[in-house]
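The values are calculated or read from the model by the stated rules, or taken from the named source; none is laboratory data. Remember, it's a predicted structure, so these values are computed and weren't measured experimentally. Backbone-built Cβ (ideal geometry, glycine too); neighbour counts: all protein chains shown.
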Amino acid sequence: MSRNTIFHKILQDHGVDPPAAGEPLALPVDQTLTQDATGTMACLQFEALGLPRVRTRLSVSYVDHNTLGTTPANFEDHRYLRTMASRYGIVFSPPGNGICHQVHLERFGVPGRTLLGSDSHTPTAGGIGMAAMGAGGLDVAMAMAGEPFSLSMPKIVLVRLSGNLSPWVTAKDVILEILRRETVKGGVGCVYEYGGEGVSTLTVPQRATITNMGAELGATTSIFPSDENTRAFMAAQGREDDWTPLSPGADAEYDRVIDIDLSALEPLVAKPHMPDQVAPVSELAGKPVDQVVIGSCTNSSFRDLATVAAALSGRAVCPSTQLVIAPGSRQVLSMLAKSGALSDLLSAGARILECACGPCIGVGQAPPSGGVTLRTVNRNFKGRSGTPDAGVYLCSPETAAAAALTGVFTDPRELGDYPDIPMPQTFAVDDSLFILPCGPGEKPEVIMGPNIKPLPKGKPLSGDLTGTVLLKLSDNITTDDIMPAGAKILSLRSNVPAISEYVFSGIDPEFSKRAKHHGGGIVVAGENYGQGSSREHAALAPMHLGVRAVAARSFARIHRANLVNFGILPLIFDNGADLDNISQGDILTLPDARETILTRDRFSLKNQTTGTDIPVHIDLSPAEREVAAAGGRLAWYRENKK
């Protein structure tokens, strides 16, 4: 049993006696983070709780996803978020200020504190020593109401770093190497803590790249110690008073240890269509690249982009390759401009995008049909780029710069001397765009546009649960598969009836119509169902369509919680082979559903079509059982908090 780790220390500092791995854990939440794609619904859910003000130390609402205003809907959502934040005590970061994870790291992250965000890459803040976790919007709304975050106590994995990164090898290559070893489901139920002598060689932005993509492992979170490098970063941000040292005890015990020799790594890429399909870039050398995208919350720090600018200085982007760059924050963009790096980028032929998520979530810059796009983002799921048949490869900014110059996959070590950019002693701090909330006694108007529709309500369990198998799926179904991103669909996040038309649209365009025809039903799938983004719409929209259960071989952590939050039962096959005996269109029944979910761990689904019994089980805490039986967490809260 792991003890005296960084994660255990944070729990103890919050008055929590760490339970054994797998046991229920109620985590007090100091800070929350929302972004506009998930935050509008989270804010509507918070308002539905009827509280006058948030109860956290700090809550921040960012606008960084839905920034492309092709219709009035996004602007109207932004206005709602701004006015809602003002009324309920939330700091508001408007469009143009930057990507939530980059900005939060710069301006609000505090070592040793807890952060819950309605975005799966919230663990980015682990690079500064926070226990930062992604969750569904409803969980974040509950945290804003002062409720602890409920999860199972994770196992603690030590990633022991040694050596130093060689020139042109980066933090992105570190996390790609871990993904190569661990796979996209290897971190489910785990916290990855980084230690060893190699930690001191990594800056906070480098650490944040690693913790950001810990989400691709399925990890609960990833954490680095808070050390002198952390202090220097916070001092450069003018926040040294927020710094505190944090490290594991000398007697810390871990459930598992992974050894990484930084000096042995080489430039890597993740091939389509999963972040764990990792290979050395040298194996792909010479393959043509149509587009290079540098940015996103993973690799858009000043040092990342200044290094790219230095590599491109005095050179030109290959005419057959398009280069686009999205700085992570207004601070980063300002520093690039003042240092002259922005001029180098522009002179080389780069296109500069706004400080937002953009291409990472399929909002703009879709590659050509059948094309190859090399990106520094964190996910390369099929179709996520906006082009269904494009090949998306993940890499470091350095590897991306090499491809932009040559037009083909190129080992960046072939570019010559490495432009080792030092960490700034002082960052260009400008907090003028943050909008602070009104005082506790003030009640400004909250403005809702016509695209914002009422919250749908789940149905409590009663009697037998019977449903048609609406869709049969394979392993590693992502939340992008369930509820696609992209500019068109993202703008409907506050309109559940409209966005529900797109559930599984990339896999089966008839799904929504079929679900309505049958009055809802059941989905069956393989392993790691719901991996990827925290987007609760991947549970909320199916609930609106009447989906009452998902039966799978295993579930990703955040999506499993989202299913429970909206009254959809996450059922696990006792025997994975049973999935082979179910067909789309079969009728499945769970007898006496409410009593079964409340009192039993193992039971059977009756396949009415074939006459067979299918053994399944649930892995729910007593509180989660109550929530699922009530039809979702909001219904449960209203009933139990009267």
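Tabulated results
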| quantity | calculated |
| --- | --- |
| Subset tally (residues that are over 28 Å from Ala20 (Cβ atoms) and touching a Gly at 6+ places or on another chain (Cβ under 6 Å)) for the range 231-270 | 3 |
| Identity of the residue in the range 1-30, modelled with pLDDT of 95 or more and among the polar types (S, T, N, Q), that ends up farthest from Gly195 (Cα to Cα) | Gln12 |
| Hits in the range 214-235 - residues which are small (Gly, Ala, Ser) and either part of a loop (DSSP other than H, G, I, E, B) or more than 18 Å from Met274 (Cβ to Cβ) (or both) | Gly218, Ala219, Ser222, Ser226, Ala232, Ala235 |
| Index of the failed condition, Asn528 passing every other in (1) buried (at least 24 other Cβ atoms within 10 Å of the Cβ); (2) under 16 Å from the mean Cα position of the chain (by Cα) | (1) |
| Leading residue by the ranking (nearest to Val564 (Cα to Cα)) among those in the range 608-623 that are not acidic (Asp, Glu) and not in a loop (DSSP other than H, G, I, E, B) | Ala623 |
| Which listed residue is among the basic types (Lys, Arg) and either crowded, with 20+ Cβ neighbours inside 10 Å or in contact with a Leu (Cβ under 7 Å, 6 or more places away or on another chain) (or both), from Arg594, Arg602 | Arg594 |
| Answer from Ala337, Ala356 - the residue that is closer than 18 Å to Gly98 by Cβ and crowded, with 21+ Cβ neighbours inside 10 Å | Ala356 |
| Residue that is nearest to the chain's Cα centre (by Cα), among those in the range 445-461 that are surrounded by 12 or more Cβ atoms within 10 Å (Cβ to Cβ) and within 21 Å of Val60 (Cα to Cα) | Ile452 |
| Lone unmet requirement of (1) at pLDDT 95 or above; (2) surrounded by fewer than 24 Cβ atoms within 10 Å (Cβ to Cβ); (3) in contact with a strand residue (DSSP E or B) (Cβ under 7 Å, 6 or more places away or on another chain); (4) not hydroxyl-bearing (Ser, Thr, Tyr) for Met130 | (2) |
| Members of the range 22-80 found to be farther than 17 Å from Val496 by Cβ, charged (D, E, K, R) and surrounded by fewer than 22 Cβ atoms within 10 Å (Cβ to Cβ), listed by number | Glu23, Asp30, Arg53, Arg55, Arg57, Arg79 |
| Odd one out for Ser347, checked against (1) out of contact with any strand residue (DSSP E or B) (no Cβ under 8 Å at 6 or more places or on another chain); (2) small (Gly, Ala, Ser); (3) closer than 23 Å to Thr170 by Cα; (4) surrounded by fewer than 24 Cβ atoms within 10 Å (Cβ to Cβ) | (3) |
| Residue tally, condition under 23 Å from the mean Cα position of the chain (by Cα) and either closer than 17 Å to Val289 by Cα or free of Cβ contacts under 8 Å to residues at least 12 places away in the same chain (or both), over the range 346-359 | 1 |
| Extreme residue, farthest from Arg594 (Cα to Cα), among residues of the range 474-488 that are out of contact with any helix residue (DSSP H, G or I) (no Cβ under 8 Å at 6 or more places or on another chain) and buried (at least 20 other Cβ atoms within 10 Å of the Cβ) | Ala487 |
| Evaluation of Ile522 against (1) outside any loop (DSSP other than H, G, I, E, B); (2) buried (at least 24 other Cβ atoms within 10 Å of the Cβ); (3) of a type outside the set (D, E, K, R); (4) at pLDDT below 95 (one fails), failing number | (4) |
| Of the criteria (1) closer than 27 Å to Arg239 by Cβ; (2) surrounded by fewer than 21 Cβ atoms within 10 Å (Cβ to Cβ), which one Glu193 fails | (2) |
| Condition met for Ser432 (outside the structural domain of Leu305 (by TED's automatic domain parsing) and either free of Cβ contacts under 8 Å to residues at least 40 places away in the same chain or of a type in the set (S, T, N, Q) (or both)) | yes |
| Tally, over the range 559-593, of residues that are more than 23 Å from Asp508 (Cβ to Cβ) and either among the hydroxyl-bearing types (Ser, Thr, Tyr) or part of a helix (DSSP H, G or I) (or both) | 6 |
| Residue pairs meeting the criteria (Cβ under 6 Å; at least 6 apart or on separate chains; first on the phi > 0 side of the Ramachandran plot, in the range 155-167; second modelled with pLDDT of 95 or more and in a strand (DSSP E or B)) | Gly163/Asp261 |
| Filtered residue count, the range 348-371, keeping only those that are in a loop (DSSP other than H, G, I, E, B), within 21 Å of Thr38 (Cβ to Cβ) and among the aliphatic types (A, V, I, L, M) | 2 |
| Residue count for the range 239-274, restricted to those that are surrounded by 14 or more Cβ atoms within 10 Å (Cβ to Cβ), among the hydrophobic types (A, V, I, L, M, F, W, C) and outside any strand (DSSP E or B) | 5 |
| Residue within the range 345-368 that is polar (S, T, N, Q) and at pLDDT below 95 present | yes |
| Sole exception among (1) in a strand (DSSP E or B); (2) closer than 27 Å to Leu138 by Cβ; (3) of a type outside the set (D, E, K, R); (4) touching a residue at least 24 places away in the same chain (Cβ under 8 Å) for Phe603, by number | (4) |
| Those residues of the range 215-230 which are of a type outside the set (Val, Ile, Thr), under 26 Å from the mean Cα position of the chain (by Cα) and farther than 15 Å from Thr5 by Cβ, in sequence order | Ala215, Glu216, Leu217, Gly218, Asp227, Asn229 |
| Within the range 374-391, tally of residues that are out of contact with any helix residue (DSSP H, G or I) (no Cβ under 8 Å at 6 or more places or on another chain), modelled with pLDDT of 90 or more and surrounded by 22 or more Cβ atoms within 10 Å (Cβ to Cβ) | 1 |
| Residue within the range 200-213 that is assigned to a loop (DSSP other than H, G, I, E, B) and surrounded by fewer than 22 Cβ atoms within 10 Å (Cβ to Cβ) present | yes |
| Selection from the range 404-418 of residues that are under 12 Å from Gly286 (Cβ atoms) and buried (at least 16 other Cβ atoms within 10 Å of the Cβ) | Thr406, Gly407, Val408, Phe409, Thr410, Asp411 |
| Test: residue in the range 296-303 that is touching a residue at least 60 places away in the same chain (Cβ under 8 Å), surrounded by 17 or more Cβ atoms within 10 Å (Cβ to Cβ) and either part of a strand (DSSP E or B) or touching a Phe, Trp or Tyr at 6+ places or on another chain (Cβ under 8 Å) (or both) | yes |
| Boolean, Ser282 is free of Cβ contacts under 8 Å to residues at least 24 places away in the same chain, outside any strand (DSSP E or B) and not basic (Lys, Arg) | no |
